[in-house]
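The values are calculated or read from the model by the stated rules, or taken from the named source; none is laboratory data. The structure presented is a predicted model; accordingly, all values stated were derived computationally and were not measured. Here the Cβ positions follow ideal geometry from the backbone for every residue, glycine too, while neighbour counts run over all protein chains shown. Heavy atoms of the whole protein, side chains included, go into the accessibility calculation; ligands, DNA and RNA do not. Shrake-Rupley method; radii C 1.70, N 1.55, O 1.52, S 1.80 Å.
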Amino acid sequence: MTPGVRPLIAGNWKMHGLAADGLALARAVASGAAGLKAEVLLCPPATLIAPLAQALAGALALGGQDCHEAAKGAHTGDIAAAMLKDAGATYVILGHSERRMAYRETSHRVRAKAEAALAAGLIPVVCVGEPEDDRLLGRAEEVVAEQMTESLPEGFGTAGGVVAYEPVWAIGTGKIPTLSEIEEIHASIRELLHEYMDEEHANLVRIVYGGSCNATNAKSIFALPNVDGGLVGGASLQLDSIKEIIASI
Ligand code: PEP
């Protein structure tokens with residue numbers, strides 16, 4: 001944990017959740033969330049942002065899972081940052097590895113999206129993380145550094161931007177890096193932040209860990225220096241697990 005920083009636990013629901021189940025889960029997560037050490041953020045499917053915003057009335061933060069880099073236009077099926085904001089989101093996840101892989105999103109595109117998010121008043125949660133091959137070749141830090149350099153927009157630190165370190169091979173697989181591997185990469189991300197922004201903001205950017213984070217491993221991961229919370233996929237859909245993860249910080 002970084003001193004002076006309010007940790008963030010973000011749940012990425014991905015493409016899961018219809019209105020009834022999503023509302024019930026969000027309400028249950030919100031009960032008892034007041035006064036917690038961590039800020040809790042739910043990123044449901046875009047269709048649920050507005051109803052959740054209405055039901056939760058600010059008890060939890062809400063975020064989108066992606067946005068387009070354009071403010072509006074002929075982009076069938078896409079969603080603009082201002083639309084997420086209008087629906088009640090304050091954050092947006094960008095550059096998730098599932099999007100980098102399935103839609104060939106480059107880091108340059110992620111940066112354009114992050115610029116659009118900032119312009120709309122949303123806080124970007126920019127995901128970085130190495131594929132397994134790069135980890136095995138000892139190139140994890142290098143890959144992450146390249147993604148950071150190419151993905152982070154100007155003004156990221158002052159806007160409260162969040163970096164999520166998510167090794168691709170750990171997402172949804174039950175595998176996680178060792179604690180010292182997580183510590184090393186998070187330290188290298190912090191170091192890089194100091195190259196991009198002034199010291200105060202570089203120290204305050206939250207760097208969260210994501211990838212098979214669960215109720216069993218969360219406590220030891222969150223105790224590491226420069227780990228300021230988590231981005232949680234699968235376990236954020238189970239009430240007991242997400243509550244335990246939130247309580248582990
Ligand atoms: C994610 O997709 O952001 C994620 C961290 O997934 P999981 O926790 O299921 O590995």
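One residue stands out in the stretch 19-32 among those that are surrounded by fewer than 18 Cβ atoms within 10 Å (Cβ to Cβ) and in contact (Cβ under 8 Å) with a residue 12 or more places away in the chain: the one that is farthest from Gly77 (Cα to Cα), namely Gly32. The condition of being open to solvent by 30 Å² or more (accessible area, probe 1.4 Å) and near the ligand (Cβ under 10 Å from one of its atoms) holds for only one of Leu237, Leu204, that being Leu237.
Among the residues of the stretch 63-83, those identified as closer than 12 Å to Pro124 by Cα and not in a loop (DSSP other than H, G, I, E, B) are Gly63, Gly64, Ala81. Within the stretch 139-149, the set of residues being within 16 Å of the ligand (Cβ to nearest atom) and either open to solvent by 10 Å² or more (accessible area, probe 1.4 Å) or of a type in the set (Asp, Glu) (or both) comprises just one member, Gln147. Residue count for the stretch 84-116 satisfying the condition of being open to solvent by less than 40 Å² (accessible area, probe 1.4 Å), within 15 Å of the ligand (Cβ to nearest atom), under 14 Å from the mean Cα position of the chain (by Cα) and without any contact (Cβ under 8 Å) to a residue 60 or more places away in the chain: 4. Residues in the stretch 33-52 that are outside any strand (DSSP E or B) and either buried (at least 19 other Cβ atoms within 10 Å of the Cβ) or modelled with pLDDT under 95 (or both): Ala33, Ala34, Gly35, Leu36, Lys37, Ala38, Pro44, Leu48, Ile49, Leu52.
Under the condition of being open to solvent by 10 Å² or more (accessible area, probe 1.4 Å) and farther than 28 Å from Ala116 by Cα, the residues counted in the stretch 150-186 number 12. May I ask you to verify whether Ala119 is more than 16 Å from the ligand (Cβ to nearest atom), more than 24 Å from Thr178 (Cβ to Cβ) and not basic (Lys, Arg)? Here the answer is yes, as Ala119 does meet what is asked. The set of residues in the stretch 214-234 that are open to solvent by 10 Å² or more (accessible area, probe 1.4 Å) and within 15 Å of the ligand (Cβ to nearest atom) comprises Asn214, Ala215, Thr216, Asn217, Gly233, Gly234. Which of the residues that make up the stretch 122-138 are of a type in the set (A, V, I, L, M, F, W, C) and either more than 18 Å from His96 (Cβ to Cβ) or open to solvent by less than 10 Å² (accessible area, probe 1.4 Å) (or both)? Within the stretch 122-138, Leu122, Val125, Val126, Cys127, Val128, Leu136, Leu137 meet the criteria. Here is the figure for the stretch 167-182: residues that are more than 9 Å from the ligand (Cβ to nearest atom), aliphatic (A, V, I, L, M) and within 17 Å of Met101 (Cβ to Cβ) total 1. When the residues of the stretch 187-197 are filtered to those that are under 17 Å from Pro3 (Cα atoms) and among the charged types (D, E, K, R), the one that is most open to solvent (accessible area, probe 1.4 Å) is Glu191.
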